[in-house]
1. What is the projected area of the convex hull of the Cα atoms of the range B:12-223, averaged over all directions, in nm²?
2. Provide the per-residue ³J(HN,Hα) series for the range B:230-235, in order, calculated from phi with Karplus coefficients 6.51, -1.76, 1.60 and θ = phi - 60°, each as a whole number of Hz, with x at glycine and proline positions.
3. Looking only at other chains, what is the average number of their beta-carbon atoms within 10 angstrom of each beta-carbon in B:80-91?
4. Can you pull the mean other chain C-beta count within 10 Å for peptide A:136-142?
5. Considering lysine pairs in chain A that are 8 or more places apart or on different chains, how many have Cα atoms under 15 Å apart?
6. What 222 nm value per residue comes from the helices of chain A, counting each DSSP H run with n ≥ 4 as -39,500 (n - 2.57) and dividing by all residues, nearest 500 deg cm²/dmol?
7. Explain nothing, just compute: Karplus ³J(HN,Hα) = 6.51 cos²θ - 1.76 cosθ + 1.60, θ = phi - 60°, for every residue of the range B:25-38 in order, whole Hz, x for Gly and Pro.
8. Please arrange A:Asp173, B:Asp81, A:Asp154, A:Asp32 by how many other C-beta atoms lie within 10 Å of their C-beta, fewest to most.
Amino acid sequence: MTKLSFYGIDAIHLKESEAILPGRLIVIEGTDSVGRSTQLNRLRPWLESSGYAVVDTEMTRSVLAGPGLKKAKEGHTLGPITLNLFYATDFVDRFENQIIPALRAGFVVLTDRYIFSLIARAVVRGADPQWIRSIYGLALKPDAIFYLKISIHDLIPRVLQRGGFDYWESGMDMRLGPDLFESFVNYQTRLLKQFDDMSEEYGFQIIDASLPIEYVTEQLKEGIFPLLPQG
Amino acid sequence: METYGLHRYPGRLFIVEGVDGSGKSTQIALLRQWLISEGYPVFFSEWNSSPLVKQTTSKGKKKQLLTPTTFSLIHATDFADRTEHDIIPPLKAGAIVLADRYIYTAFARDVARNVDRHWVRELYQFAVKPTVAFYYRVPLEVSLNRILGGRTELKYYEAGMDLGLSNDPLESFKLFQQRIVDEYEAMVGEFGLTVMDATLPIPDQQRRMREIIKPYLRGVRRVRSSAQESAWAGLAREMRPSQVEVSEARGREQ
């Protein structure tokens with residue numbers, strides 16, 4: 001059962017309504033290209049074959065704000081505060097309409113990123129750390145947060161393998177270097193610093209993502225198994 | 001990111017607040033004309049008008065996808081876009097920015113929808129504190145008569161139907177508006193809003209508004225005639241909107 005415990009406020013009055021969340025909320029966090037979706041794709045069949053109903057959710061997939069956010073990112077007028085709040089709208093729409101109902105229905109919710117990536121990105125873009133934390137204060141504390149940790153040195157070959165550097169993943173909206181590569185290094189270094197700083201604050205379970213894929217999956221399974229009902 | 005009350009810009013920001021039917025839009029339009037004719041560089045921004053966010057908001061409203069929290073967030077996103085594009089740059093450049101509705105609209109409506117009072121104030125921390133924030137105070141019966149006089153249909157969120165206060169849209173609207181008024185009244189002291197008597201004749205209200213802002217105009221650089229021309233042209237464009245723009249402007253007020 002996921003406890004009705006929030007980082008800040010209970011915005012949708014779950015306590016008042018004495019909601020019960022028999023599901024589990026499991027978060028996989030980590031920077032771009034660290035291998036989050038690869039791991040989720042390996043965990044899902046494992047959980048399902050063990051008889052657990054799984055729902056997964058990821059950023060920019062909300063019905064309300066997903067399409068508008070993607071479109072806004074294609075243009076050249078999206079400012080950093082607007083970007084942060086667009087992401088917050090997307091998150092809260094998924095939180096209220098996907099995550100909470102699934103937890104109520106007893107699903108294992110595997111989420112590809114949660115509020116932590118959003119906080120890291122916002123702070124790197126100059127947002128006030130207290131401001132962004134207070135907005136995401138309405139988020140439920142997950143049953144577990146697995147942080148796939150990697151160094152910038154080990155991250156670069158993965159990005160190359162995947163086909164190169166992406167505009168947003170390189171923080172090119174801030175132009176942190178003369179080209180994609182240098183901006184990527186500077187941007188990701190700053191992001192990783194934010195993640196590391198959050199590790200203790202939010203109780204991340206750190207997993208070394210530079211290890212082979214199979215090994216990372218095993219570690220995740222070991223972490224998740226005791227959390228499962230009758231696990 | 002600078003937070004509320006800490007921005008230091010050479011420009012001036014004057015905003016109007018009040019319920020629908022308080023006459024605030026008329027007053028700020030008159031103020032705008034006067035400031036332009038006095039030669040000041042004037043920029044105007046209205047609630048819920050960001051081109052980046054508009055589609056998402058109208059989809060949310062049309063399909064009734066919005067909860068009180070996402071209603072609050074999408075309006076904050078819209079406001080952030082206008083702050084970053086239409087409000088901060090002209091203020092930095094020393095211009096006068098006028099806004100029809102500001103963060104206090106969000107505080108009143110969102111809290112009327114049971115959004116946490118403190119949370120929504122934190123959400124708008126990035127907003128620039130206005131030089132003067134006018135609140136057009138009007139008895140509820142007067143504003144209701146003004147808006148309901150010429151129309152038959154109230155929209156879902158506009159009437160606060162999402163709150164489940166009443167199944168009758170008109171009744172729901174009245175209850176919702178009362179909550180909004182209560183929130184505005186509580187904010188007068190909290191944010192130092194300048195209260196205006198919206199039952200006075202229009203010219204009297206306007207005279208008083210100009211008297212109040214005059215001292216704040218000292219030191220604002222006036223523009224030469226070409227810039228004045230373009231400000232007039234902008235105003236004229238908005239005064240003669242096409243049909244499409246008219247219907248959009250209507251949608252905006254909710």
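Read-outs throughout are calculated quantities, based only on the coordinates presented, and are distinct from any laboratory measurement. What you see is a predicted model; the values in this text were computed from it and never measured. Note that we place each Cβ from the backbone using ideal geometry, even for glycine, and neighbour counts take in every protein chain shown.
1. 11.7 nm²
2. Rounded to whole hertz, the list is 6, 5, 4, 4, x, 5.
3. 3
4. Rounded to a whole number, the mean comes out at 1.
5. For chain A, qualifying lysine pairs total 4.
6. Taking each H run of at least 4 residues, the total per residue is -14000 deg cm²/dmol.
7. 5, 4, 5, 6, 5, 5, 5, 4, 4, 5, 4, 5, 5, 7
8. A:Asp154, A:Asp173, A:Asp32, B:Asp81
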